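Working notes, beginning with the structure itself.
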Amino acid sequence: MNYSDETDALPNSGILSALRLAVHFNQKHFVAQPNCQQLLSTLWYEGVYGWRRMHWGLKLLYSLLIGLFWPILCMIHIIFPKSSAGQLICRPFMKFIVGTASYLTFLALLVLASQVKVDHAGDDPGPPPSTIEWILLPWIISLIAAEIGQLWSGGANDYVNDRWNVMDFFMNSLYLATISTKICAFLLHKDIPHHHRLSRVEWDPLHPTLISEALFSVANIFSFLRLSKINFG
C-alpha cells in the first residue's frame, strides 16, 4: 500500500501511496477489495479500541461526550501537543468527531447571529459587529485557511475537480464579501449622528448593510448544505 516509484502521479503521497493513486484514478475495485477496506478500517479507528464490537448506545454516548468536550480536547492539544491526551484528537476517527462537533457549533452560532441581525439591527445603517459575529470570525478564518492548505497540497486541478471544494470556495468568498461590505457600512456611517440617519425603509437598495445581510444569508445556506458532505455512517 505504501509503495511509490520515482514517477508518482500524485504529489506528497506519503503513506498508502498506492491507495491514493487508486482513488485519484477512480479504481473502485481496488479500493473496495476486502484487504484494502480492512486496512482502512484499522487506520480509521486507531486509538479507539473495540469500537466495532461496541454496542450502538455506547457508541452514541462516547461520540456525544467527545463532541461536548471538544474545546477542552483542542486546548489540551494546543498546550500539551506531545501528551497522550493531546495526541488523542490526532487519531482519524477522533478528529472526525471533533471536527463535526466544531462545525455544528459553527452552524448554531450562525443561527444565533441571524437572529441578532433581525432583532437588533434596527435603523442603524452601520452597526458594529456583535459578540457572536466576533466569535464566528475565527471559524471563518480557519475554514479559509483549510481550503488554502488543501489547494496548496493537492494542486489546482484536483481541487477544482471536487464539487465540494468549489462549493466551499463560493461559501468562503461570500463570507469574505460579507465582512468587507459590513466594514464599509460601518466606516461610512460611524460619524453620522443617530438623529440624521434614515429609517431602513428609506435606505438605498444597494446599501452596504443590506448587501452584507443578503450575502450572509446565502453563505449560511451553503454552510448548511455542507452538512450533506459529512458521512455519519
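The values are calculated or read from the model by the stated rules, or taken from the named source; none is laboratory data. Quantities reported herein were computed from a predicted structural model and do not represent experimental measurements. When the accessible area is computed, the model is the full protein with side chains, heavy atoms only, and any ligands, DNA or RNA have been set aside. Shrake-Rupley method; radii C 1.70, N 1.55, O 1.52, S 1.80 Å.
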Within straight-line cross-link reach of LYS82, lysines at Cα separation under 21 Å, skipping those fewer than 8 residues along the same chain: LYS95
For region 75-83, Karplus couplings with θ = phi - 60° (6.51, -1.76, 1.60), whole Hz, Gly/Pro x: 5, 4, 5, 6, 7, 10, x, 8, 6
Surface per residue (accessible, 1.4 Å probe) for region 25-152, Å²: 65 Å²
Net length gained if the chain between GLN38 and PHE25 were fully extended (0.36 nm per residue, minus Cα distance): 2.6 nm
Order of exposure, largest accessible area first, which applies to ILE66, ILE183 with probe 1.4 Å: ILE183, ILE66
Linear extension gain, ALA156 paired with ILE79, 0.36 nm per residue minus alpha-carbon span: 24.3 nm
Order of exposure, largest accessible area first, which applies to MET54, MET94, MET167 with probe 1.4 Å: MET54, MET167, MET94
For region 129-233, radius of gyration divided by Kirkwood radius, i.e. Rg to Rh on alpha-carbons: 1.08
Carbon plus sulfur fraction of accessible area for region 31-100, probe 1.4 Å, in percent: 71 percent
Per-residue ³J(HN,Hα) for region 128-138, Karplus 6.51 cos²θ - 1.76 cosθ + 1.60, θ = phi - 60°, Hz, x for Gly and Pro: x, x, 7, 4, 5, 5, 5, 5, 5, 4, x
Candidate residues ASP162, ASP204, ASP191, ASP168: accessible-area rank, largest first, probe 1.4 Å: ASP191, ASP204, ASP162, ASP168
